[in-house]
Amino acid sequence: MIKFDASHACKMEEILAHQDRVNALHKEIVEKTGTGNDFLGWVDWYKNYDKEEFEKVKESAKYIRENCDVFLVCGIGGSYLGARAAIEMINGLYADKKPEIIFVGNTFSSTYIAQVMKYIENKEVCVNVISKSGTTTETALAFRLLKQFMEKKYGKDEAKNRIFATTDKSRGTLRAMADKEGYTTFVIPDDIGGRYSVITPVGLLPIAVAGISIDDLMAGVEEAYNDLADPDLTKNPAYAYAVARRVLEGKGKNAEMFVTYDLNTTMLAEWWKQLFGESEGKDGKGVLPCSATFSTDLHSLGQFVQDGTKCLFETLVLFEKPIEDVIFPSDEENMDGMNYLAGKNVDWINKMAMQGTLDAHENTGGVPNLLITVDDMSAKSFGYLCYFFFRACAMTCYMLDINPFNQPGVEVYKKNMFKLLGKN
Ligand code: PA5
């Protein structure tokens, strides 16, 4: 389902030189003995997840789909990025699907918050508030506004039927509030951190509301688990990718640009950036994750990649099959001179742009490219891709002696902000 090709970036021998270390670290991942091992629940989640809760997710998704025009997903970081990435990648950006899904609780932007509140005024609404800690300020702020809106619009009794809370099983203010108010709740497992939680109800409820098969998604996770069971770097593309990142970093490449050629995968890049940035960027170490969507960004960042500082490598994620295709029409007058493309598929044109760019960046620009090829943009491929990156991320961080599962740096801004806000 996924192919990895490092031949545009480094030699296979450079990757294979790390086999012994990879074998040892693989053991720490699958036996859950590595650093931060109390957050390795995602490793075999495909078989350990609560099957009853999984059915409850589907039932709630059905209820939500039947009862609202707008579904608000209220969460930040790992509590929203995975769901948004999946929905956009699998459905596309303009899929004619109901309900409309809007993400909130991920910003202090008053303009955004005020405009969403106005937009939902006369609509039928359901809300899913998602927070593992239950105390994240952006999310709590938006949820207070939404809770008051829902109770005013529907009354307390009906509001509680339309509010769904995904949080810790016993701790935190959101858990206490959800239990007191009688919301339907879903559990974020103790041993799965936010950025690894898209395969739990955190991601699964919004994804199911978007009409996507969560059975297929979990089947992709399971397939990836099985395919990545062998640490042999000639057979394990996730680990080969993890090692290639370290090889390129060793050659002074301190930034990694995640590149796709489809606008509906821009949020996938945002999810990937969070996964790698928050997992790896600590102790003064790590490769800076950044992203671009080509060919759109060839008309902006493309200049830097081609001719700028040689600090980066690209990780090119290619989807073999698009969701939809368009045949470019012929035109009798041909005033735009575009008839040379008449009868061609636009996806073929996109792939030619990709090939030309790869050649330009690699051979003229001297920018190494790692290639990850994915069959299609299905739910199964999304599940597979997530698990592929989870494994790669854990391995690449362990190779740097970093705990991939904490985020101590995030607390610094919060401390300063709370002081300024007068929070006790
Ligand atoms: O990956 C992480 O752990 C973080 O990005 C969290 O998901 C994010 O900070 C939101 O936290 P919470 O779900 O506790 O509100």
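The values are calculated or read from the model by the stated rules, or taken from the named source; none is laboratory data. Model, not experiment: these values are computed from the prediction. Cβ atoms come from the backbone with ideal geometry, glycine included; neighbour counts cover every protein chain shown. Calculation scope for accessible area: heavy atoms of the full protein, side chains included, ligands and nucleic acids excluded. Shrake-Rupley method; radii C 1.70, N 1.55, O 1.52, S 1.80 Å.
I'd like the full set of residues that are without any contact (Cβ under 8 Å) to a residue 60 or more places away in the chain and open to solvent by less than 20 Å² (accessible area, probe 1.4 Å), limited to segment 270-291. Let's see the steps before the verdict.
We begin by selecting, within segment 270-291, every residue without any contact (Cβ under 8 Å) to a residue 60 or more places away in the chain; these are 273, 277, 284, 287-291.
If the condition is that a residue be without any contact (Cβ under 8 Å) to a residue 60 or more places away in the chain and open to solvent by less than 20 Å² (accessible area, probe 1.4 Å), then Val287 is the only one that fits.
Here are the criteria: (1) part of a loop (DSSP other than H, G, I, E, B); (2) buried (at least 19 other Cβ atoms within 10 Å of the Cβ). Tell me which single one Lys32 does not satisfy.
Looking at each condition in turn, Lys32 falls short on (2).
Looking only at residues in segment 302-323 that are more than 26 Å from Ala86 (Cβ to Cβ) and charged (D, E, K, R), which one is least open to solvent (accessible area, probe 1.4 Å)?
Lys310
Hey, which of the strands (runs of 3 or more DSSP E) in segment 64-170, taking only ones fully inside, have at least 3 residues that are within 16 Å of the ligand (Cβ to nearest atom) and in contact (Cβ under 8 Å) with a residue 24 or more places away in the chain?
Working: elements: 70-74, 100-104, 125-131, 163-167.
Those strands (runs of 3 or more DSSP E) span 70-74, 125-131, 163-167.
For segment 324-351, how many residues meet the condition of being under 25 Å from the mean Cα position of the chain (by Cα), open to solvent by less than 60 Å² (accessible area, probe 1.4 Å) and over 19 Å from Asn369 (Cα atoms)?
Our first condition is that a residue be under 25 Å from the mean Cα position of the chain (by Cα); within segment 324-351, this holds for 324-325, 347, 350-351.
Those left that are additionally open to solvent by less than 60 Å² (accessible area, probe 1.4 Å): 347, 350-351.
If we keep only those that are over 19 Å from Asn369 (Cα atoms) too, we end up with 347.
Selection size over segment 324-351: 1.
Just for segment 220-258: of the residues that are acidic (Asp, Glu) and without any contact (Cβ under 8 Å) to a residue 60 or more places away in the chain, which one is farthest from Tyr46 (Cα to Cα)? I'd like the intermediate steps shown before the answer.
Going residue by residue through segment 220-258, those that are acidic (Asp, Glu) are 222-223, 227, 230, 232, 249, 256.
Filter again for without any contact (Cβ under 8 Å) to a residue 60 or more places away in the chain, leaving 230, 249, 256.
Values: Asp230: 17, Glu249: 32, Glu256: 29 Å.
Looking at residues that are acidic (Asp, Glu) and without any contact (Cβ under 8 Å) to a residue 60 or more places away in the chain, I get Glu249.
Could you figure out which of (1) within 16 Å of the ligand (Cβ to nearest atom); (2) more than 28 Å from Lys169 (Cα to Cα); (3) in contact with a Cys (Cβ under 7 Å, 6 or more places away or on another chain) isn't true of Lys282?
Every condition holds for Lys282 apart from (3).
Any residue at all in segment 389-398 that's polar (S, T, N, Q), over 17 Å from the mean Cα position of the chain (by Cα), modelled with pLDDT of 95 or more and under 23 Å from Tyr225 (Cβ atoms)?
Kept after step one, since they are polar (S, T, N, Q), are these residues of segment 389-398: 396.
Now narrow it down to the ones that are over 17 Å from the mean Cα position of the chain (by Cα): 396.
Filter once more, keeping what is modelled with pLDDT of 95 or more: 396.
Okay, now just the ones that are also under 23 Å from Tyr225 (Cβ atoms), so 396.
Scanning segment 389-398 turns up at least one residue that is polar (S, T, N, Q), over 17 Å from the mean Cα position of the chain (by Cα), modelled with pLDDT of 95 or more and under 23 Å from Tyr225 (Cβ atoms).
If a residue has to be assigned to a helix (DSSP H, G or I) and either aromatic (Phe, Trp, Tyr) or within 22 Å of Gln115 (Cβ to Cβ) (or both) to count, how many in segment 43-63 make the cut? Quick ask: steps written out before the conclusion?
Taking segment 43-63 first, the residues assigned to a helix (DSSP H, G or I) are 45-48, 51-63.
Right, trim to either aromatic (Phe, Trp, Tyr) or within 22 Å of Gln115 (Cβ to Cβ) (or both) and you get 45-46, 54, 63.
Count: 4.
I'd like the full set of residues that are open to solvent by less than 10 Å² (accessible area, probe 1.4 Å), away from the ligand (no atom under 12 Å from the Cβ) and farther than 19 Å from Met267 by Cβ, limited to segment 173-200.
Across segment 173-200, the qualifying residues are Ala178, Phe186.
Output yes when any residue across segment 132-154 is more than 20 Å from Phe103 (Cα to Cα) and surrounded by fewer than 14 Cβ atoms within 10 Å (Cβ to Cβ), and no when none is.
yes
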